[in-house]
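Working notes, beginning with the structure itself.
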Amino acid sequence: MTQTRFFLIRHALVEPSARLIMYGDMDVAVCAVTMAQDAESYRWLAGRLPAGARWFHTPLSRTRATADAIFAAGYPAVPMEMEPRFVEQHLGEWQGITHEALVEMLRDPPHPFWPHGADETPPGGESLRDVIERRVGPALDDMAAQYPDGNVVIVAHGGSIRAAVAHALQLTPQQAFRLSVKNLSLTRLENHAGEWRVVSVNEEPPGPL
């Protein structure tokens, strides 16, 4: 039976001013201070990821910067490919506004663990369902077919990794928003001849004993 193994990494924490707004798929920079503080996480990822894997990043610079940091920490640098279908959710007219301002623009009650409702579509943007069903799900299926018995590393975003797990487990958007995806964490999925399995979510370096 063929098996494609996916290793999804959420990018490094973004710079402080971006955290104050709904940045969605805006190309905001990573935080240089926390990147230096997270050196152990990059070393752990460099040793944890399989050798010889195919690497992908999204069009946003924070994913490429994260991949470069993993290479600098010891993973042998390899050519990377861009896969735009794993980009973060596009928030349309909500992008660039503060979290406080968003409250005034919502039509539906917010999710218990998210600033807006799971099925709400931002004006001019896309819903989480769109991300799952129109982008990330088809991308995963395509890559599983293209790389049978292969290892695929994707440096992506909290929203697209959440969508990937939702696709694998057939979760609703409401259920998917209950998943917390940490920066620099590793999520592993497997496709076994068309059947999906979630191996782990939010793997991190082991703490002190």
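Each reported figure results from applying straightforward, stated rules to the coordinates on display, with no laboratory input. Just so we're clear, the structure is a prediction, and the values are computed from it rather than from any experiment. Virtual Cβ from ideal backbone geometry, glycine too; neighbours counted across all protein chains shown.
For the stretch 177-209, a residue qualifies if it is over 19 Å from Asn151 (Cα atoms) and either in contact with a helix residue (DSSP H, G or I) (Cβ under 6 Å, 6 or more places away or on another chain) or part of a strand (DSSP E or B) (or both), and the qualifying residues are Leu179, Val181, Pro205. Inside the stretch 140-162, can you point out the residues that are in contact with a strand residue (DSSP E or B) (Cβ under 9 Å, 6 or more places away or on another chain), of a type in the set (Gly, Ala, Ser) and either assigned to a helix (DSSP H, G or I) or buried (at least 24 other Cβ atoms within 10 Å of the Cβ) (or both)? Within the stretch 140-162, Ala144, Ala145, Ala156, Gly158, Ser160 meet the criteria.
For the stretch 44-61, a tally of residues being in contact with a helix residue (DSSP H, G or I) (Cβ under 9 Å, 6 or more places away or on another chain) and of a type outside the set (Ser, Thr, Tyr) returns 8.
For the stretch 1-56, the set of residues classified as crowded, with 20+ Cβ neighbours inside 10 Å and on the phi > 0 side of the Ramachandran plot consists of Gly24 only. Do we find that Gly96 is assigned to a loop (DSSP other than H, G, I, E, B), touching a helix residue (DSSP H, G or I) at 6+ places or on another chain (Cβ under 6 Å), farther than 18 Å from Leu189 by Cα and touching a residue at least 12 places away in the same chain (Cβ under 8 Å) in this structure? The answer is no for Gly96.
Answer yes if at least one residue in the stretch 164-176 is in a helix (DSSP H, G or I), in contact with a Gly (Cβ under 7 Å, 6 or more places away or on another chain) and at negative phi, and no otherwise. Even if it seems obvious, please write down each step before you answer.
So the first thing to find is which residues in the stretch 164-176 are in a helix (DSSP H, G or I), and the list is 164-169, 173-176.
Next, only the ones that are in contact with a Gly (Cβ under 7 Å, 6 or more places away or on another chain) stay: 167.
Next, from what is left, pick out any that are at negative phi: 167.
Scanning the stretch 164-176 turns up at least one residue that is in a helix (DSSP H, G or I), in contact with a Gly (Cβ under 7 Å, 6 or more places away or on another chain) and at negative phi.
Just so you know, in the stretch 99-109 the residues that are part of a helix (DSSP H, G or I) and not aliphatic (A, V, I, L, M) include one that is farthest from the chain's Cα centre (by Cα), and it is Glu100. Within the stretch 163-180, the residues that satisfy the criterion of being closer than 27 Å to Tyr42 by Cα and either surrounded by fewer than 20 Cβ atoms within 10 Å (Cβ to Cβ) or among the acidic types (Asp, Glu) (or both) are Arg178, Leu179, Ser180. Among the residues of the stretch 57-93, those that are of a type in the set (Phe, Trp, Tyr) and either surrounded by fewer than 20 Cβ atoms within 10 Å (Cβ to Cβ) or touching a residue at least 60 places away in the same chain (Cβ under 8 Å) (or both) comprise Phe71, Phe86.
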